Amino acid sequence: MKDNLVRVLDGNIFVLSADNGDLEATVANPCGFFDFDTRFLSRWRLSLNGEALHPLSIAERDHVMLRFFLVPGRPTHYVDAKSSVIRERTITGGAFVERLTVINHHHEPVDFTVRLDVASDFAPLLSVGHERVPAGRFYRQVEDGRLRLGYLRERFRRETLVSSSEPVGVDEQGLTYALRLGPKETWTTNLRVEALVLGPDGRDVRDLLDRPPRRTTAQRQEDLHAWLARAPTLSCDWDAAASTYRRSLVDLAALRYSPLTLPDQVIPAAGLPWAATITGRDSIVTSFEALSVAPELAAATLRMLGIDQGAVRDDFRDEEPGKILREFRYGETVAFEEHPESPYFGSADTTPLYVILLDEYERWTGDADLVRDFEDEARAALRWIDEYGDLLGDGYLRYRRRNERTGCDNQGWKDSPDAICHADGRLAEPPVATCELQGYAYDAKLRGARLAREFWHDPGYADELERQAAALRDRFNRDFWMADRGHYALALDGAGEQVDALASNMGHLLWSGIVPQSRAARVAAHLMGPELFSGWGVRTLATGQARYNPLSHHLGAVWPFDNALIAWGLRRYGFTEEAGRIAEGIIAVAGHFRGRLPGSFAGYDRDLTDYPVRCPTANSPQAMATGAPFLLLRAVLGLEPAGRHLLMAPRVPARFGRVELLDVPGRWGRIDVIGSGLDRAARDGR
């Protein structure tokens, strides 16, 4: 996403614009007003007396409201502006609302022509960023002082309705105001843009559902205040850590939304602009990261994904009984089955991750009722690992797409087509068993065994899961370990050959616990060595590999969520210094981005650039990156639930200084955690 795009958002409804507030969408510029996986405005261009407007400043209010302070023409210190414009925008009640104010600074009356050029391409979110030829027809109508833009394809119909609180001239291309303002006079109008998802009868189909009305701006501000008040309070000597923590809380609040299936609960959308929707992996990982600050997200995520769990074999959607979905979308290409995301199940990691989150959620909250309520779903997920995930019958969780036309080639978290490669650049042949998938399966079986024994009253099943986990651990450490290189293979390909690239995936093995203690030090050394560790974080692919590219998402960039899981795994095996280095690096990156971590950033050496470089198409905010600081804090503070208690063993890097995380919620009620890097720095002579 372009760095200069600014945003207001409410879950999966959002507006992305240039820094003057204009929307002028192109293939390279994904701005617009989006709702229900569709872009309802692709042009929203303001001019004053025929001149474009340029920003003096932008004021953001925690995603809820934006203000643009603008002047016509190019600002210059030689000429005082005779007029200025303020654009104030928000999302309220599900609509995009802009308050437009024109101010005459002159000592004489002035005539103004205020023009808004308006258009919509009704592009499905999946197609934004790609050239496409729409299959339907567009229409424009002027009615009762309003502009109606529409798109119709068979029974698929979307409309954008633009209205003004002040009299306005409306034509099919936009709105025009003719004003005469006296000396120092101000004029204001409120513009409202509604996104309509229409059924055959012309009614918005969402109005037929039993769901609460969408929140007003005042309600959203009140909700954000309550959300921040419920969250633990962080006090830290390092300003970057404190500001990143608050920014992450605000961004996570903004990314929450209520799916149609569960209108009274909120789950995290994956991120803007490409994934403002239900996603299995992103919602699970974000909820896991955020257990220490907002455990209710995990409960809603588990319910939502459990309800939509796979039930049949469907090649088009890569669906199988027990499988947890990859994503769910509502746009045009999905409605006409040009893409399978209605929902799509092409991820091999979401299903074991579901069981992992269910167990971790109970350990953190003590919510045994949810574990019992979703016993069938958890058992089905565990069955899927063996019955459908083991494609070759060799005991490994693998993937191979069955939708050959529009399915996803790689179905782990590194899902780009060339992500799973050998050191020499050859691509892995399917069905592929990536190393982290085996770790997830191992962890899911052990966690499933605990749930079976303690809550489902099935000790025989628990014993069997533990036997399966032990066999997988032994088999994995025999087949994936590359003794001559001292690290695990990235994957096994369809012929059983080791895919020998050095990659970040093996850091997830420490999180899952499948690595023997005797090998953990060598794994940690590779993760923190110069080929993988950039100084900011662990790269997805090491330098020296044929396909390494520091700007490639899965072939050399650094992902904050990836690093948070790696840091947690390092901490699990006792590598506290290494976990602290990752935490310090990632938080330092956030400081360069005003507290907001992008989904990924370039893998350049820190010594080379001295500042992190954002990847050009990274989501921001992105839910898993937003949750990463919470898990990094958990790692440096050593927070681990144990029965009704929260264990803590702080190993805080010196740069953090004193850290106080107050009112951490869980089955213990609320508890304060305090750690300090100052004492350690003094002991080390720093």
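None of the figures in this text is laboratory data; all of them are computed from the coordinates on show. Please read these numbers as outputs of a predicted model, since none were measured by experiment. All Cβ positions, even for glycine, are placed from backbone atoms using ideal geometry, and neighbour counts span all protein chains on display.
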Open item on the list: With +1 assigned to the C-beta of every Lys and Arg and -1 to the C-beta of every Asp and Glu, and no other charges, what is the dipole magnitude of the chain about the Cα centre in debye, to the nearest 20?
Closed with: 1160 debye
- [ ] Over the Cα atoms of the stretch 201-317, compute the convex hull volume and normalise it per residue, giving Å³.
- [x] 161 Å³
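Rg to Rh ratio, the stretch 325-470, alpha-carbon atoms and Kirkwood radius?
1.02
So what's the net charge close to PHE14: Lys and Arg +1, Asp and Glu -1, counting the other residues with Cβ under 9 Å from its Cβ? Provide the component values of the computation, followed by the final result.
On the way: positive: ARG7; negative: ASP10, ASP35.
With Lys, Arg at +1 and Asp, Glu at -1, the neighbours total -1.
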Open item on the list: Counting just the Cα atoms, what span does the stretch 158-266 cover along each of its three principal axes? Round to the nearest Å and put the largest first.
Closed with: 55, 51, 21
Task: Overall Cα dimensions of the stretch 165-211, principal axis frame, Å, largest first - done: 51, 26, 12
Task: Positive-end residue of MET648, THR160, ASN49, charge dipole of the chain with Cβ unit charges - done: ASN49
TODO: Would you please calculate the Kirkwood hydrodynamic radius of the stretch 395-544 over all C-alpha pairs and express it in Å, rounded to one decimal?
DONE: 16.3 Å
TODO: Take the eigenvalues of the Cα gyration tensor for the stretch 435-512, scale each by 5, and report the square roots as semi-axes in whole Å, largest first.
DONE: 29, 12, 9
Task: Distant-in-sequence amide H partners of SER83 (H built 1.01 Å from N, under 5 Å) - done: HIS105
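Based on the Kirkwood radius over alpha-carbon pairs, what value in µm²/s does the Stokes-Einstein equation return for the translational diffusion coefficient of the stretch 345-406 at 4 °C and 1.567 mPa s?
100 µm²/s
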Task: Most to least packed among 29-42, 573-586 [average Cβ atoms within 10 Å] - done: 29-42, 573-586
Task: log₁₀ of I(q)/I(0) at q = 0.13, 0.20, 0.22, 0.32 Å⁻¹ - the stretch 297-343, Debye sum with one point per alpha carbon - done: -0.31, -0.68, -0.78, -1.11
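For the stretch 135-192, report the translational diffusion coefficient in µm²/s to the nearest whole number, using Stokes-Einstein at 37 °C, 0.692 mPa s, and a Kirkwood Rh over Cα pairs.
On the way: Rh = 13.2 Å.
Calculated translational D: 248 µm²/s.
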TODO: Could you sort 471-481, 595-605 so that the peptide with the highest average Cβ count within 10 Å comes first and the rest follow in order?
DONE: 595-605, 471-481
- [ ] Please report, in Å, the Rg and the Dmax of the stretch 29-129, where both are computed over Cα atoms only.
- [x] 15.8, 51
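Expressed as a fraction of 2.2 N^0.38 Å, the rule-of-thumb size for a compact globular protein of N residues, what is the C-alpha radius of gyration of the chain? Don't skip to the end; give the middle numbers.
Values: Rg = 26.2 Å, N = 686, 2.2 N^0.38 = 26.3 Å.
Here the Cα radius of gyration is 0.99 times the empirical estimate.
First obtain the Kirkwood hydrodynamic radius of the stretch 590-634 from its Cα pairs, then insert it into the Stokes-Einstein equation at 37 °C and 0.692 mPa s, and state the resulting D in µm² per second as a whole number.
294 µm²/s
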Task: Calculated SAXS-style log₁₀ I(q)/I(0) at q = 0.10, 0.11, 0.16 Å⁻¹ - the stretch 532-686, Debye, Cα scatterers - done: -0.37, -0.45, -0.89
Task: Helix-only mean residue ellipticity at 222 nm for the chain, each DSSP H run of n ≥ 4 adding -39500 (n - 2.57), per residue, nearest 500 - done: -9500 deg cm²/dmol
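Give me the net charge for the shell around ALA564: Cβ to Cβ below 12 angstrom, other residues only, Lys and Arg +1, Asp and Glu -1.
On the way: positive: ARG571, ARG634; negative: GLU289, ASP562.
Local net charge: 0.
Relative contact order, percent, of the chain when contacts are C-alpha pairs under 8 Å separated by at least 6 residues?
Numbers: 1578 pairs, mean separation 74.4, N = 686.
Computed value for the chain: 11 percent relative contact order.
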Task: Geometric extent, Cα atoms of the stretch 255-294 - Rg, Dmax (angstrom) - done: 10.0, 27
Open item on the list: If the only charges are +1 at each Lys and Arg Cβ and -1 at each Asp and Glu Cβ, what is the size of the charge dipole of the stretch 37-185 around the Cα centre, to the nearest 20 debye?
Closed with: 360 debye
Open item on the list: What does the charge count around GLY174 come to, taking other residues whose C-beta lies under 11 Å from its C-beta (Lys +1, Arg +1, Asp -1, Glu -1)?
Closed with: +1
Task: Long-range Cα-Cα pairs in the stretch 506-552 (distance over 14 Å), rounded percent - done: 52 percent
Open item on the list: If you average 1/r across every pair of different Cα atoms in the stretch 510-622 and take the reciprocal, what Kirkwood value do you get, in Å?
Closed with: 14.0 Å
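Please list 370-382, 126-138 highest first by mean number of surrounding beta-carbon atoms within 10 Å per residue.
Listed from highest to lowest mean packing, they are 370-382, 126-138.
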